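Undergrad: Encoded as structure tokens, here's the structure I'll be asking about.
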Amino acid sequence: MSRSRMSTRRRLHRLATKTRVRVAAVAGPIAGFWALELLDTVILGGRLDQFGVQPRSVAGLWGIPLSPALHGGFGHLVANTVPWLVLGFLTTARSAHDYWRVVVVSAATGGLGAWILGAPGTVHIGASGVVFGFLGFLMGRGYWERRWSAIALSLAVTLGFGSMLWGMVPVLAGVSTSWQAHLFGWLGGLWMARASAARGRDK
């Protein structure tokens with residue numbers, strides 16, 4: 001076998017390995033969310049939903065890390081599954097580390113936003129804060145990185161998913177929806193896009 005063919009095979013193998021790792025990173029949490037919702041619906045009767053973010057309640061702080069995994073039924077979960085898979089995978093385009101940073105930061109900022117600004121007596125659950133974090137990250141990459149590939153990705157995501165931004169308008173609130181988590185998750189994603197661009201310039 002020629003050296004060039006061996007080199008091509010190695011590159012393809014590395015690409016396939018990276019793709020598998022990224023698909024697993026994005027799909028793994030979703031599989032966990034579905035398993036948890038099935039358990040909650042079939043066995044627990046929805047009792048896990050009480051562990052979401054409860055605004056300005058000390059006990060409700062536990063909902064910040066827990067709420068992305070909780071959903072108010074399968075319809076709610078389906079609504080978050082598709083954008084998580086698409087936007088999450090696009091977030092891994094340069095590095096899987098970007099994906100995990102956005103997940104952690106947007107879950108924290110979205111949860112804190114709901115905890116601080118949510119209406120009294122409400123419970124905020126769902127992965128949409130993280131989904132909006134992906135959206136913010138992908139929209140912000142082109143602005144801060146100023147590379148044609150990043151700009152093209154930002155424009156494509158804005159055209160394809162920009163209507164999601166209406167979800168940050170404060171007209172929906174309750175158990176399964178939260179404009180506060182959407183807005184602050186999106187801001188967390190923007191923050192990560194700026195930080196990622198700064199890390200790239202420092203290298």
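The values are calculated or read from the model by the stated rules, or taken from the named source; none is laboratory data. Computed from a prediction, not measured in an experiment: that's the story for all the values here. All Cβ positions, glycine included, derive from the backbone under ideal geometry; neighbour counts span all protein chains shown.
Undergrad: Take the stretch 158-195 and flag every residue that is touching a helix residue (DSSP H, G or I) at 6+ places or on another chain (Cβ under 6 Å), modelled with pLDDT under 90 and among the small types (Gly, Ala, Ser).
TA: Gly167, Ser176, Ser178
Undergrad: When you go through Leu77, Leu38 one by one, which is the residue that is more than 20 Å from the chain's Cα centre (by Cα) and at pLDDT 95 or above?
TA: None of the others qualify; the one that does is Leu38.
Undergrad: Looking at the stretch 169-176, is at least one residue crowded, with 16+ Cβ neighbours inside 10 Å, of a type in the set (Gly, Ala, Ser) and in contact with a Leu (Cβ under 9 Å, 6 or more places away or on another chain)?
TA: No, because not a single residue in the stretch 169-176 is crowded, with 16+ Cβ neighbours inside 10 Å, of a type in the set (Gly, Ala, Ser) and in contact with a Leu (Cβ under 9 Å, 6 or more places away or on another chain).
Undergrad: Can you name every residue in the stretch 14-67 that is exposed (fewer than 15 other Cβ atoms within 10 Å of the Cβ), part of a helix (DSSP H, G or I) and either of a type in the set (Val, Ile, Thr) or in contact with a Cys (Cβ under 8 Å, 6 or more places away or on another chain) (or both)?
TA: Result: Thr17, Thr19, Val21, Val23, Val42.
Undergrad: Which pairs turn up if I take residues in the stretch 33-44 that are among the aliphatic types (A, V, I, L, M) and look for partners that are in a loop (DSSP other than H, G, I, E, B) with beta carbon separation below 9 Å, at least 6 apart in sequence or on another chain?
TA: That search, which allows pairs on different chains as well, returns Leu36/Leu70; Leu36/His71.
Let's see how each residue does on (1) over 15 Å from the mean Cα position of the chain (by Cα); (2) within 25 Å of Leu70 (Cα to Cα); (3) surrounded by fewer than 24 Cβ atoms within 10 Å (Cβ to Cβ):
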site: Val123; (1), (2), (3): yes, yes, yes
site: Met139; (1), (2), (3): no, no, yes
site: Arg147; (1), (2), (3): yes, no, yes
site: Ile151; (1), (2), (3): yes, no, yes
site: Ser154; (1), (2), (3): yes, no, yes
site: Ser163; (1), (2), (3): yes, yes, yes
site: Leu183; (1), (2), (3): no, yes, yes
